[in-house]
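Undergrad: Here you go, one structure.
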Amino acid sequence: MSQTASASSALGTPSKNPPTKLSPVDIRPQDTDSSALPPLRFHHPTRLELDLHFDDPEKDGHDRDRPGRRPVQGGRPDCVRDDEGTVKAVPRHGEECLLRVGSDLHRLVDVHWHTPSEHTVGGVAFPMEQHMKYQRVTDDVGTGGAADSGFAVIGVFVHPGQANDSLDRLLTSARRSDEPWTVDEVELDALLPSCTESYRYVGSTTTCPYLPGVRWNLLTHPVQASATALAHYRKVFPKGNALEPQPLGDRRIASDRHRWW
């Protein structure tokens, strides 16, 4: 793990009067509520092709004038931060990349990466955090509504260690390019640890417009990638592309984890 988020993390921050219940947050394991949470059940193809692109907040498609956008501290006229870009990997149409949480079924939207990690554990950041963003396609009774975005994000901490073929090839392909590119023969399950215990809370997206009502599932166990792959991704984002932890407020974080550190 890297140094504390305050020393190593985000360059940008939401406005002085941000909406409540923002993400990311600092997770303090001793303060979480241990619960019998519904398991995270992944249903992914054995191997698939992913289409990647550089997601540039300066490009068209990020509607800077949409109502409700809030300025970044520092005087920019909108909430797009200089460090907000990322590389996104998107499954092709027709690929059934699914997540089931209880009776709710979600479909994978994209996989992307932040360096260093956006969430911290006890104030300590990892070198990288991977987000697997899913959108709900079926509703459990009582879910939905204005406060529920329908998105569930699986957050996975990444640290240097053994090579991970699928993750290493995705990270080393990263570039700031106007043209998309493809990485084939990706094993999505290889991007996840074998243990899927998690910390769970409701927050927001970590990029503009900080969409509320996102169900966060941060896995307690990290995955490894080669130091070379992590270093390459960091070169693409030399200033980092992580938002610093936001106040937890009156929210509680649930967990089904065992202490592993």
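The values are calculated or read from the model by the stated rules, or taken from the named source; none is laboratory data. This is a predicted model, so every value here is computed, not measured. Note that each Cβ is placed from the backbone with ideal geometry, even for glycine, and that neighbours are counted across all protein chains shown.
Undergrad: Are there any pairs, at least 6 apart or on different chains, whose C-beta atoms fall under 6 Å, with the first in the stretch 132-149 and farther than 22 Å from LEU22 by Cα and the second modelled with pLDDT of 50 or more and surrounded by 13 or more Cβ atoms within 10 Å (Cβ to Cβ), and if so, which?
TA: Qualifying pairs under 6 Å: VAL137/LEU105; VAL137/ARG107; THR138/LEU105; ASP140/ASP104.
Undergrad: Inside the stretch 102-130, can you point out the residues that are part of a strand (DSSP E or B) and either at pLDDT below 95 or touching an Asp or Glu at 6+ places or on another chain (Cβ under 6 Å) (or both)? Walk me through it before giving the result.
TA: Kept after step one, since they are part of a strand (DSSP E or B), are these residues of the stretch 102-130: 104-114, 120-121, 124, 128-130.
Passing the criteria: ASP104, HIS114, THR120, GLU129.
Undergrad: Of all residues in the stretch 193-209, count the ones that are under 13 Å from the mean Cα position of the chain (by Cα) and part of a loop (DSSP other than H, G, I, E, B).
TA: Residues flagged as under 13 Å from the mean Cα position of the chain (by Cα) and part of a loop (DSSP other than H, G, I, E, B) within the stretch 193-209 amount to 3.
Undergrad: Do any residues in the stretch 33-55 that are of a type in the set (Val, Ile, Thr) have Cβ atoms under 9 Å from those of residues that are outside any strand (DSSP E or B) and surrounded by fewer than 18 Cβ atoms within 10 Å (Cβ to Cβ), where the two are at least six apart or on different chains, and which pairs are they?
TA: THR46/GLU187; THR46/ASP189
Undergrad: Does the stretch 60-76 contain any residue that is at pLDDT 50 or above and part of a loop (DSSP other than H, G, I, E, B)? Outline the logic, then answer.
TA: Filtering the stretch 60-76 for residues at pLDDT 50 or above gives none.
Within the stretch 60-76, none of the residues are at pLDDT 50 or above and part of a loop (DSSP other than H, G, I, E, B).
Undergrad: Being touching a Lys or Arg at 6+ places or on another chain (Cβ under 7 Å), closer than 24 Å to LEU37 by Cβ, surrounded by fewer than 21 Cβ atoms within 10 Å (Cβ to Cβ) and not hydrophobic (A, V, I, L, M, F, W, C): is that true of PRO212 here?
TA: yes
Undergrad: Answer yes or no: is there a residue in the stretch 210-225 that is among the hydroxyl-bearing types (Ser, Thr, Tyr) and part of a strand (DSSP E or B).
TA: We begin by selecting, within the stretch 210-225, every residue among the hydroxyl-bearing types (Ser, Thr, Tyr); these are 210, 220.
Keeping just the survivors that are part of a strand (DSSP E or B) gives none.
Scanning the stretch 210-225 turns up no residue that is among the hydroxyl-bearing types (Ser, Thr, Tyr) and part of a strand (DSSP E or B).
Undergrad: Quick check: is even one residue across the stretch 234-247 surrounded by fewer than 18 Cβ atoms within 10 Å (Cβ to Cβ) and under 26 Å from GLN30 (Cα atoms)?
TA: Yes: one or more hits.
Undergrad: Among (1) at pLDDT below 95; (2) over 17 Å from the mean Cα position of the chain (by Cα), there is one condition SER149 misses while meeting the rest; what is its number?
TA: (2)
Undergrad: Regarding ARG176, is this residue in a helix (DSSP H, G or I), surrounded by fewer than 20 Cβ atoms within 10 Å (Cβ to Cβ) and in contact with a strand residue (DSSP E or B) (Cβ under 9 Å, 6 or more places away or on another chain)?
TA: Values: in a helix (DSSP H, G or I): no; surrounded by fewer than 20 Cβ atoms within 10 Å (Cβ to Cβ): yes; in contact with a strand residue (DSSP E or B) (Cβ under 9 Å, 6 or more places away or on another chain): yes.
In short, no.
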